[in-house]
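The structure's right below; bear with me while I get my questions together.
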Amino acid sequence: MPDPLDFSAPRPHCPDCEVAIGQPHVEGCDVAMCLRTGLQRLSCEHKHNCGKDIWSGRWPGETDCERLGWMIGPGLADMNRLLTEATWNPATQQWDAAS
């Protein structure tokens with residue numbers, strides 16, 4: 001079982017829908033994101049297909065925060081900064097720093 005205080009450690013299963021790494025989140029999963037907007041799929045109100053987000057073992061946006069250098073501390077992604085300063089790129093399925 002992963003150390004609950006090690007935020008950088010991959011989680012073998014989604015904390016909401018329990019799918020394994022590499023598997024698509026189930027419908028209604030609170031963690032799954034809309035692949036068109038980059039935001040939570042469960043809350044997406046757009047009339048489009050959100051796609052099938054795959055559980056990577058990491059919370060959505062954590063890898064992008066690491067890539068952008070937006071960390072609050074070791075293993076702790078600055079998700080607030082990501083959602084306010086970055087732009088979702090649906091083609092690459094990642095958040096990019098706004099230019």
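The numbers here are math on the coordinates, done by the rules we state, and not lab data. In this text, all values refer to a predicted model and were calculated from it rather than measured experimentally. Cβ atoms come from the backbone with ideal geometry, glycine included; neighbour counts cover every protein chain shown.
Could you work out how far apart the two model spin labels at Glu27 and Thr84 are, taking each label as a point 7 Å from the Cα in the direction of the beta carbon, and quote it in nm?
For Glu27 paired with Thr84, the spin-label model returns 3.6 nm.
If you consider only alpha-carbon coordinates, what radius of gyration and Dmax does the chain have, in Å?
For the chain, the Cα-based Rg and Dmax read 13.4, 40 Å.
Okay, moving on. Evaluate the relative contact order of the chain (contact order divided by residue number), counting alpha-carbon pairs under 8 angstrom at least 6 apart; express in whole percent.
Across the chain, relative contact order equals 23 percent.
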